[in-house]
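The structure under discussion appears below in the form of structure tokens.
Read-outs: derived from the displayed coordinates by stated rules, not from any lab. Computed from a prediction, not measured in an experiment: that's the story for all the values here. Cβ placement follows ideal geometry from the backbone for every residue including glycine, while neighbour counts extend to all protein chains displayed.
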Amino acid sequence: MQGRIHSLESFGTVDGPGTRYVVFVQGCPMRCKYCHNPDTWEMNAGELMDSDYIIEQYERNKAFYTGGGITVTGGEPLMQIDFLIELFTKAKAKDIHTCIDTSGIAFNPDSPEQMAKFDKLMPLTDLVMLDIKHIDPDKHFELCKQHNENILAFAKYLNDKGVDMWIRHVVVPGITDDDEYLYKLGYFIGQFKNLKALDVLPYHTMGESKYEKLGIEYPLKGVPPMDKDKLLDKKQAIINGIKDRRKELGI
């Protein structure tokens, strides 16, 4: 089976545990204002690539991937769930650690057909890095042009399935840096026993040049990069929510 691939990275170090082979898929329905890969949005673009080819490329350098594996990111990987199932089936046959870096937007608990595919994919998945853009539904829609109901449901689904989960959250000045919402995010994810890590990432403007090249107006023009000195305080707000929720639940 072929997937639509934007690009490949041989030695990723921020895409899950260890050094990883990173597959950037093409296509994403989200329109996050701070997205630094707008060139991955188009669903029918990219290069058609066979899953066997990706496994072969991994195997060529597998000596470098000790403690690592394959991460599929994007774009939105779960928009190509059939391809993911095939790729991860072949990866697990070779005992390769598998990771999905996702927004969770493709999760649809109201579709039995789609849920059957997710139920097939999860046993093949060692780790999901779930990027929760905003905990508030209205502000999430304003930020991403998509609702967050199914994204939050996906987090609960991962917990039910016992799939390890890392939460990622980008802190954007004036948009996602409110301590009240950060606490609420922590309170939400604090219920999950499968939560293994929390990555709080500072907003940067490095993607702005891509918008210019593509002739797209940059939505956050004029918004400064997040002050990294303030990032620890913002992460602490999330951690406080996690701690309070776990204290309530006795976990």
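At least 2 residues being on the phi > 0 side of the Ramachandran plot is the threshold, and among the strands (runs of 3 or more DSSP E) wholly inside the stretch 1-74 not one reaches it.
When each of Lys120, Lys139, Lys145 is tested for being touching a residue at least 24 places away in the same chain (Cβ under 8 Å), within 26 Å of Ala93 (Cβ to Cβ) and surrounded by fewer than 17 Cβ atoms within 10 Å (Cβ to Cβ), the lone residue that passes is Lys120.
For the stretch 98-116, a residue qualifies if it is surrounded by 14 or more Cβ atoms within 10 Å (Cβ to Cβ) and either touching a helix residue (DSSP H, G or I) at 6+ places or on another chain (Cβ under 8 Å) or assigned to a loop (DSSP other than H, G, I, E, B) (or both), and the qualifying residues are Thr98, Ile100, Asp101, Thr102, Ser103, Gly104, Ile105, Ala106, Phe107, Asn108, Pro109, Gln114. The one condition from (1) surrounded by 14 or more Cβ atoms within 10 Å (Cβ to Cβ); (2) in contact with a strand residue (DSSP E or B) (Cβ under 9 Å, 6 or more places away or on another chain) that Gln236 does not meet is (2). Across the stretch 15-27, not a single residue is classified as closer than 27 Å to Tyr211 by Cβ, surrounded by fewer than 15 Cβ atoms within 10 Å (Cβ to Cβ) and β-branched (Val, Ile, Thr). Taking Pro173, is it surrounded by fewer than 17 Cβ atoms within 10 Å (Cβ to Cβ) and in contact with a Ser or Thr (Cβ under 9 Å, 6 or more places away or on another chain)? No; evaluated as a whole, the condition is false for this residue.
Tally time: how many residues in the stretch 101-144 are of a type outside the set (S, T, N, Q) and farther than 21 Å from Pro202 by Cα? Of the residues in that region, 21 qualify. Residue count for the stretch 93-128 satisfying the condition of being over 16 Å from the mean Cα position of the chain (by Cα) and either at positive phi or among the β-branched types (Val, Ile, Thr) (or both): 2.
Pull up the stretch 179-229, narrow it to residues that are among the basic types (Lys, Arg) and in contact (Cβ under 8 Å) with a residue 12 or more places away in the chain, then point me to the one that is farthest from Met122 (Cα to Cα). Among those that are among the basic types (Lys, Arg) and in contact (Cβ under 8 Å) with a residue 12 or more places away in the chain, it is Lys221. For the stretch 236-251, a residue qualifies if it is under 23 Å from the mean Cα position of the chain (by Cα) and without any contact (Cβ under 8 Å) to a residue 40 or more places away in the chain, and exactly one does: Gln236. Counting only residues that are of a type outside the set (A, V, I, L, M) and free of Cβ contacts under 8 Å to residues at least 60 places away in the same chain, the stretch 1-52 holds 20 of them. Residue count for the stretch 156-209 under the criterion of being of a type in the set (A, V, I, L, M, F, W, C) and either assigned to a loop (DSSP other than H, G, I, E, B) or in contact with a Phe, Trp or Tyr (Cβ under 7 Å, 6 or more places away or on another chain) (or both): the result is 9.
All conditions but one from (1) part of a loop (DSSP other than H, G, I, E, B); (2) among the β-branched types (Val, Ile, Thr); (3) within 25 Å of Lys161 (Cβ to Cβ) apply to Val223; the one that does not is (3). Residue check: Asp52 meets all listed conditions (1) under 28 Å from Pro202 (Cβ atoms); (2) exposed (fewer than 15 other Cβ atoms within 10 Å of the Cβ); (3) of a type outside the set (Val, Ile, Thr) but one, namely (1).
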